[in-house]
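*Asks:* What follows is a structure written as structure tokens; I'll ask about it next.
Derivation of every value follows stated rules applied to the coordinates shown; laboratory data play no part. This one's a predicted model, so the numbers in the text were calculated from it and none came from an experiment. Cβ placement follows ideal geometry from the backbone for every residue including glycine, while neighbour counts extend to all protein chains displayed.
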Amino acid sequence: MTTAWVLWLGACGLGGTAASAAAPPAAAVSSTAAVSAADLYRAHGLRDPFLKSGGGSSGAVVQEPGDFSIHKLILKGILKDPGGDFALLIEPSSGASYILKKGRLYDAKRKPVPGVTGLVKSKQKMVHLMTPEKDVQTLVLGEEDRDREGL
């Protein structure tokens, strides 16, 4: 039984020798420099994961209804959906975005643009927009890129 007490006291550090009690614990020495958060995580060029993501024109200038013209729009994409095809359009000077879906043009807030109707022809990569004044604008996907290149 005394052997068990001696082992237990030794394990707890209470029954050690004088040499072990006199030696102070060794200080931790590091041969490398301290690492900061900037060294571990290089966020330059990356998006902030805590900011709201997604498109839209939250920072875009809101146009007055009188400033809108179907002739200023650029076709950026045509997408297929089981509910029907739809087209993504932008107005480059203001950055406002629009969606043409089921014959109606909607702004970024999903409100219909008054009087503007349209037709998406996905196989031809083409969109036709019409106003109540019978003004028609035909947009072809990639057309603005060819105009910039001089083709």
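*Asks:* Under 13 Å from the Cβ of Ser122, count the other residues' Cβ atoms, weight Lys and Arg +1, Asp and Glu -1, and hand me the total.
*Replies:* With Lys, Arg at +1 and Asp, Glu at -1, the net is +3.
*Asks:* Using 0.36 nm times the number of residues separating Lys76 and Arg47, minus their current alpha carbon distance, what extension gain do you get?
*Replies:* Difference between extended and current length: 8.1 nm.
*Asks:* So, one more: So what J values fall out for the range 103-111 if you push phi through Karplus, 6.51 cos²θ - 1.76 cosθ + 1.60 with θ = phi - 60°, rounded to Hz, Gly and Pro as x?
*Replies:* With coefficients 6.51, -1.76 and 1.60, one gets x, 10, 9, 10, 7, 5, 8, 6, 9 Hz.
*Asks:* Sort the range 78-149 into rounded, prolate or oblate with this rule: let a ≥ b ≥ c be the square roots of the eigenvalues of the Cα gyration tensor; rounded if a/c is under 1.5, and if a/c is not under 1.5, prolate when a/b is larger than b/c, oblate otherwise.
*Replies:* Rounded is the answer for the range 78-149, as its axis ratio a/c remains below 1.5.
*Asks:* Let me ask you something else. How would you rank Glu144, Glu133, going from fewest to most other Cβ atoms within 10 Å of each one's own Cβ?
*Replies:* Lowest count first: Glu133, Glu144.
*Asks:* Okay, moving on. Would you mind checking Lys76/Lys102; Lys102/Lys125; Lys72/Lys102; Lys111/Lys134 for any pair whose Cα atoms are more than 19 angstrom apart?
*Replies:* Violating the 19 Å limit, Cα to Cα: Lys72/Lys102; Lys111/Lys134.
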